[in-house]
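What follows is a set of notes on a single structure, which appears directly below.
The values are calculated or read from the model by the stated rules, or taken from the named source; none is laboratory data. Bear in mind the structure is a predicted one, so any value in this text is a computation, not a measurement. As a convention, Cβ positions derive from the backbone with ideal geometry for all residues, glycine included, and neighbour counts pool all protein chains shown.
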Amino acid sequence: MGLTHYHRMLKIGEKTACRYNALPFSHPPQDPRFMERLIEYVTHHPLLAAALVVALVAVATYESRMRVSAFAAISSQDLIRLMNQGALVLDIRKPEEYAAGHVNGAKQLSSDKILTAGDNFKRFKDKPVVVYCDSGSLAGAAVRQLNQQGFTKAFTLRGGFAGWRAENLPVAKAA
């Protein structure tokens, strides 16, 4: 009748001698019954299959976000080294946040003016440019904009200004 091995063992009145199969997909994918077994496994264990799908989506999302955020992120120590080499440091926070405290030597640039930064900072297109915001999330988008405008060495500050403060590094205040 087309019953699978699992169903034959569960017929009423029969004692089941089912043993746990630690490798339910032990057959290579070339096995003609592979898809049948996969579908059977998923129908018998929908919660496990759903958990697997959710876990895969979560891992893929996390990895893609980490790649985007760490695309061009540098540490606070790397920022200090680049500043000593003449890097341009851009603070894209609000002017009042900049006035309350910023990285020494940083220039305040509102995030909407990042689109015209290519015109304003032409001489820095081949030099290091470090962009930071409060947490580092907006700076990634700003760096992508700078890359599109021809800035070859644009970076974000990992952790943003909050990370800078967390490491107890010096903060300058606007006069």
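Before moving on, here are some points about what is shown:
- The listed residue being closer than 13 Å to Leu157 by Cβ and not acidic (Asp, Glu), out of Leu82, Leu52: Leu82
- Taking the conditions (1) touching a Leu at 6+ places or on another chain (Cβ under 9 Å); (2) at pLDDT below 90; (3) of a type in the set (A, V, I, L, M) in turn, Val42 satisfies each one other than (2).
- The single residue among Lys127, Lys107 that is charged (D, E, K, R), over 19 Å from Ala172 (Cβ atoms) and in contact (Cβ under 8 Å) with a residue 12 or more places away in the chain turns out to be Lys127.
- Restricting region 133-145 to residues that are under 23 Å from Arg123 (Cβ atoms) and touching a helix residue (DSSP H, G or I) at 6+ places or on another chain (Cβ under 6 Å), the residue that is surrounded by the fewest Cβ atoms within 10 Å (Cβ to Cβ): Gln145
- Note on region 128-145: residues that are of a type outside the set (Val, Ile, Thr), closer than 14 Å to Ser110 by Cα and part of a helix (DSSP H, G or I) total 5.
- Residue match in region 92-108 (condition: closer than 26 Å to Ser64 by Cα and outside the structural domain of Ser64 (by TED's automatic domain parsing)): yes
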